[in-house]
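Beneath this line is the structure, given in structure tokens, with notes to follow.
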Amino acid sequence: MSDCPDEDGGLQPPAPPGTAILLDNNSQSETTDTSPEDKVTPVVDEASPSSTSSFEMLDMEAPPAPYQEVRPHWFFCRRADDSTSWQPFSLVDSVKLESAYNTGSSQEVLVAVDGERYDVHINERKRFAVYWEQAPTEVRRCTWFYKGDKDTRFMPYSEDFSQSLEDAYKEAITKDEWKKKLEFPTGETVIIHNPKLIMQYQPIFAQDEWVSSPSENTRPRTVKRGVDSISVEIPDGEPDNVDHLVFMVHGIGPACDLRFRSIIQCVNDFRSASLSLLASHYKRAQLEDKIGRVEFLPVNWHSALHGDATGVDEDIQRITLPSISRLRHFTNDTLLDLFFYNSPTYCQTIVDTVASEINRLHALFKERHPEFKGAVSIVGHSLGSLILFDMLTNQKTGSEANTVKKREESSCRAQHDTLGQFLTHMGLQQYLRLLQAEDLDLESLALCCDNDLKDLGIPLGPRKKILNAARRKVFPKDSRQSSVVLAPEFHGSSQDSSTSDHNDNQSSGLVTQQSQLHRAQSVTSAVDYEHFDVGIGQVSIDYPQLAFHPQTFFAFGSPIGMFLTVRGLKRIDPNYTFPTCKSFYNIYHPYDPVAYRIEPMIVSDVDLEPMLIPHHKGRKRMHLELKDSLTRMGMDIKNNVLGSLRTAWQSFARLPVAALPPVEAGDSSIEGNLQDAQGECVEAEFPVSPEEPEQPQIKMGMLNGGRRIDYVLQEKPIESFNEYLFAIQSHLCYWESEDTALLVLKEIYDKLGVAFDQPQQY
């Protein structure tokens, strides 16, 4: 029999068996020398089942109900920092786990739970993540629960301990024998006073004299049988059918919000918000089985960049100052990601990691959901949106992608064939097998240094010939860039340069050759930006291809506009679209310091406000509604004042007309001129406000199929009091924003032909 676990999975501190029981609602306690069963009053508080201080009187003469087997429910352990909690599986998953458990198979049984994002090993009682790396968590088949006086929720007993309690309860209710006392080898004592009052008393050992009084540390636990008797929220479960798949890419750093949670936890929150919105806004479609759910999967690239494979953290640590260590560690772990992305070496690592991880998750998802026929979208937050933007810009269409793939394969074969011809031409073919054993082709051979070939055992003369000839062949003179980065000591006046060329021609040529070689090593293929008006100064890297064509690209808190401007881009061609993605939404919070707009780069001659994202409850926030009401009130007052002044002016202007002497017949020039003057004056000073003309239809370009691109969230009332105070929080709010989640769902299901239950609210 296993011991009774506490919240951290271990045993609770021992408590004396003679613990006093609280008898009233004032939480007063008294200690006596009588045994616990003599001191307990047979009452229980139904309104507060976790309380041990007040009880409801029971009718002990009523016949006990017949024994019914307890209904088990499955839980899993969740550990966060120093706390441990037990969370219930959904009703659907718990039924699947119980069914697999009842098979009694000796072989390992796997059950997919939580939308098939986790697998539960029944025999091991372990829960394993499928799509991401995560330590396995413990799983229990729970029937009995306990709660201490200071606990916030009920915790499940171990299965062995629960079985012992169930056997004792069955015997007590069958024989109608109560106040049954159970003593366990670990020292715990459980007394079943009646079906509704079961208490556990901790063992007592020698206590230190500095420990608090026994009344504060040795209170008994309340014991409950079955999940129905405790207050816990059990979800119904997720629909099996997946309508759409969304990959979410994080920004800088390993944490995604102010609570320093990982991308996995934040995506879990976003997924939960979407499920809640489906139940509230697409209820009719769910009842008619027209929709299922949207699956969101996290894409983590930070760990690959900062892992042991690159060694960048170790290199940065050697040059980091020891002062203000925490701030410098935060900078190295987060802000430097922006500089890494602008480095040709680490930028290639980042885009390769993002693309390979997305393709891996996509293949794994298709393997686990062979019936899935839906589309796929991508979401990027902060720097993650810029990574996806650059990748989508450099995607190839079907025919182009096949051509590129064949060209790469043929180029790879040609490189190996060329290496043999290259060595044969110099009479050094005896080293071919040695170089091929190291998987070297002609291009990689040109990137080697003298020590690399020396380690292979190639003599000095042959390796010098090989290296010089390979560099001349791979990096010919006509392919060199116009700008050459020279060492600092070679920068000077033109006179010094000419003198240096005259006297040290050999040294200058050596430096130039080294600079060209360094540049060639940093540059692979040029970035394709033909759709832009001007060239982009982005580092030239080889952008990988995604295994699918995304339906929609959502950018959260994105600096795309700023980066494009810094690269030298002045405007985006209105006719440009991503080669493989036809929809693009730039979503941001108004106080986000990292977010920038996209539409002004497409339509620069019109000052156009972004689209306001409605509240998920179908209205504006209260403070924004009040602001609009005050604005309308001010306009109404202004119009009324102008109308009153106009009436007064007309009355004043007509007074002199009545006082004038009568005009002879046919002479109406004065009156006519006066009326004309009055009309001109009134029209000039107090014009009647006509209806505002409709704004002309603005073509927003084809980046989002002609639709609007920039969408702004509504700030919360408390955020409007101080924009700077909530600036950082505004950049990290998208994961928990129901308004953002609803916009994503609306775009997805609009393309599927499924509308809101109340579309007029949005």
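Only the coordinates and a few stated rules stand behind these numbers; no lab work does. For clarity, every value in this text was computed on a predicted model and none was experimentally measured. Virtual Cβ from ideal backbone geometry, glycine too; neighbours counted across all protein chains shown.
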Relative contact order for the stretch 297-363: what is it in percent, counting Cα pairs under 8 Å that are at least 6 residues apart?
48
Rounded FRET efficiency, nearest 0.05, which uses the C-beta distance separating Val566 from Thr331 and R0 of 22 Å
0.60
The stretch 244-312 and the stretch 697-746: distance between their alpha carbon centers, rounded to Å
17
Please give the peptides 426-432, 558-564 ranked by average Cβ packing (other Cβ atoms within 10 Å per residue), highest first, as a rough proxy for protection.
558-564, 426-432
Would you mind checking the radius of gyration and Dmax of the stretch 247-341 based on alpha-carbon positions, in Å?
19.1, 63
The simple spin-label model distance between Glu438 and Ser303, using points 7 Å out along Cα→Cβ, in nm, is 3.4
Between Asn575 and Ala129, 0.36 nm times their residue separation minus their Cα-Cα distance comes to what?
156.2 nm
Cβ neighbours within 10 Å, averaged per peptide: list 95-106, 313-324 in order, most packed at the top.
95-106, 313-324
